[in-house]
Amino acid sequence: MKIFVIHGDNEIRARLRLKELLSQAQKKGLSIQKITSNEELFAGRLSSSGLFGENLILIENPASFSKKDLGIVIKNKKAIGNLIFFHTGFLAKGFLEIIPADAEIEEFKLPKTIYKFLDSFYPRNSKNALSSLHSLSEKEPEELILHLLARHLRDLYLLKENPKALNYPEWRILKLTRASEKFTKEKLANLIKKLAKIDVQIKTSKEDLVSSLDLLIVTELE
């Protein structure tokens, strides 16, 4: 039986890897079960279909589960089948310590240029934002840029609307708080609305994301 651990802040590439593994499992005829709560771990769902290799258990965001219970599941992997732990973000060292040495651990990191662009995206900083965007777009896919910018603006808005809605580490909350202070709530709402419109436009026309973001930055961040 195999154990796979997929984690990191590059959610798009991590999910592509997860999709690849699930596709391989389906081709091999494995029964795929997704566990969504700690209670389901021992609710009779974690049983093999009868032969080794016929079962695959997917546990998303394992950090939200009991570490003790996950340890029991890992120890019984031969009876359970193959395991995939998928986590959006980086798993803590404490969790990784309970993973067997023969497990396949794959970490997907975002490039530093992504954070440089997000950090530069604020009013009266259009020149730096444009420069960072163009540098980033030469190496990273458009869908990743759009996804992360949309999430970034959403997080900044939520901090102003309901700070407790974000379940992030303290250091990240502090960083986002400093970034949110550069915007008004109305400005963020307007940017989110326009970014959603850009998303629709690039999916239904031949417009490219970089040109659309160029225009957004020039008109909204001057």
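Read-outs: derived from the displayed coordinates by stated rules, not from any lab. Everything numeric here is computed off the predicted structure, so don't read it as measured data. Cβ placement follows ideal geometry from the backbone for every residue including glycine, while neighbour counts extend to all protein chains displayed.
Helix 185-204 and the long axis of the chain differ in direction by around 70°, with both axes built from C-alpha atoms. Entry for the range 60-199 at q = 0.10, 0.14, 0.19, 0.22 Å⁻¹: log10 I(q)/I(0) = -0.48, -0.81, -1.14, -1.37, Debye formula applied to identical alpha-carbon scatterers, no solvent contribution. What is the angle, in °, between the Cα long axis of helix 209-220 and the longest principal axis of the Cα atoms in the chain? Nearest 10 is fine, range 0 to 90. Roughly 50 degrees between the two axes.
In this structure the amide hydrogen of Glu106, modeled in the peptide plane, comes within under 5 Å of the amide hydrogens of Val5, Ile6, His7, none closer than 5 places in sequence on its chain.
What FRET efficiency comes out for Glu186 versus Asp119 if R0 is 30 angstrom and r is the Cβ-Cβ distance? Round to the nearest 0.05. So, using R0 = 30 Å, E works out to roughly 0.85.
On the basis of the beta-carbon distance and an R0 of 30 Å, Asn162 and Leu215 show a calculated FRET efficiency of 0.45. Going 7 Å from the Cα of Lys127 toward and past its Cβ, which residues in the range 192-222 have a backbone nitrogen under 19 Å from where you end up? Taking a point 7 Å out along Cα→Cβ of Lys127, the residues of the range 192-222 whose backbone N falls under 19 Å are 214-222.
Please work out how much length the chain gains when fully extended from Glu207 to Asn61, using 0.36 nm per residue of separation minus the C-alpha to C-alpha distance, in nm with one decimal.
Gain in length upon complete extension: 49.0 nm.
What longest range of the chain stays clear of loop-exposed chymotrypsin sites (Phe, Trp or Tyr not before Pro) (DSSP non-H/G/I/E/B, at most 16 other C-beta within 10 angstrom)? Between the exposed loop sites, the longest stretch runs 91-222. Restricting the range 92-146 to trypsin sites (Lys or Arg not before Pro) that sit in a DSSP loop and have at most 13 other Cβ atoms within 10 Å of their own Cβ leaves Lys109, Arg124, Lys139. I'd like the distance separating the alpha-carbon centroids of the range 154-196 and the range 83-134, in whole Å. Cα centroid to Cα centroid, the span is 18 Å.
Between Lys68 and Arg15, the C-beta separation translates, for a Förster distance of 25 Å, into a calculated FRET efficiency of about 0.35.
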